[in-house]
Amino acid sequence: MRLAVPAAVAVAFLVVPLIGLLVRAPWTRLGELLAETAAVDALRLSLLTATSATVLSLVFGVPLAYVLARSRSVLGRILRALVTLPLVLPPVVGGVALLLAFGRRGVAGQYLDLWFGVSLPFTTMGVVLAETFVAMPFLVVSVEGALRTADHGLAEAAATLGSQPFDTFRRVTLPLILPSIGAGSVLCWARALGEFGATITFAGNRPGVTQTMPLAVYQAFQTSPDAAIALSLVLLLVSITVLALLREWWLRPGGAR
């Protein structure tokens, strides 16, 4: 029971701000405030970009996690450090790095603009790119951990029976790590939904084009705190829903533990 007191302090520290948000919420004017702040467009864009970022993370992140889990070389350790760097890198720094890489004069962006006429900064695709940059490591870390702890004996048995590496991954390894892919995808999606720093730096804050819900909250707070609270409540509701779904996944028989 000696740990009960610091545990209670931790709970209070995490919960009291949420209670403050609920207490100060302008419940009687909620619908009016949300209508005035173009919340529907911002929420629609947030859901679209966060889902797109998660799909990109799945397409490229799962193979990356497989390579990292199987690598034992020094190069693999360096690559793992680089991949997980966005987890600790300030998001604004990530946005600056994206600008230097994919801006119209960036390392890669200048060729995208010259060869294909594609300019990523300050576009909806720029939002997706920024969210993918900060969210993909969550998926990679989850899937890599599952791959490292998976039963390799089944894959080895399949290989001895003549199964090709890709078929072994698809039929044996993938079903084993599927719960972790699901949990990692939800965490990735939630991180992308709440992304602010890299998005505003790389994609800007254009209503209907790049203004996601976190950016809309920030803009509303400058002029109307009540509107910012209303938008925050919408994000809080979405986050609680995602956490509830994640909890059901974790508690489902055979789900991630």
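The values are calculated or read from the model by the stated rules, or taken from the named source; none is laboratory data. These numbers were taken from a predicted model, which means no experiment stands behind them. Every residue, glycine among them, receives a Cβ derived from its backbone with ideal geometry; neighbour counts consider all protein chains shown.
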Residue, surrounded by the fewest Cβ atoms within 10 Å (Cβ to Cβ), within region 1-31, restricted to residues that are in contact with a helix residue (DSSP H, G or I) (Cβ under 9 Å, 6 or more places away or on another chain) and among the charged types (D, E, K, R): Arg24
Helices (runs of 4 or more DSSP H) fully within region 128-209 counting 2 or more residues that are surrounded by 15 or more Cβ atoms within 10 Å (Cβ to Cβ) and either at pLDDT below 75 or touching a Leu at 6+ places or on another chain (Cβ under 8 Å) (or both): 152-160, 174-193, 197-202
Residue selected from region 83-118 under the condition assigned to a loop (DSSP other than H, G, I, E, B) and under 23 Å from the mean Cα position of the chain (by Cα), by the criterion farthest from Ser57 (Cα to Cα): Gly103
Residues being within 16 Å of Met213 (Cα to Cα) and among the aliphatic types (A, V, I, L, M) - total across region 31-69: 13
Residue identified as under 28 Å from Val242 (Cβ atoms) and modelled with pLDDT of 90 or more among Leu85, Leu30, Leu100: Leu85
Pair list, Cβ < 6 Å and 6+ apart or interchain, from region 91-105 residues that are touching a residue at least 24 places away in the same chain (Cβ under 8 Å) to residues that are assigned to a loop (DSSP other than H, G, I, E, B): Phe102/Ala108; Phe102/Leu120
Residue within region 40-54 that is at pLDDT 90 or above, within 30 Å of Thr223 (Cβ to Cβ) and in a loop (DSSP other than H, G, I, E, B) present: no
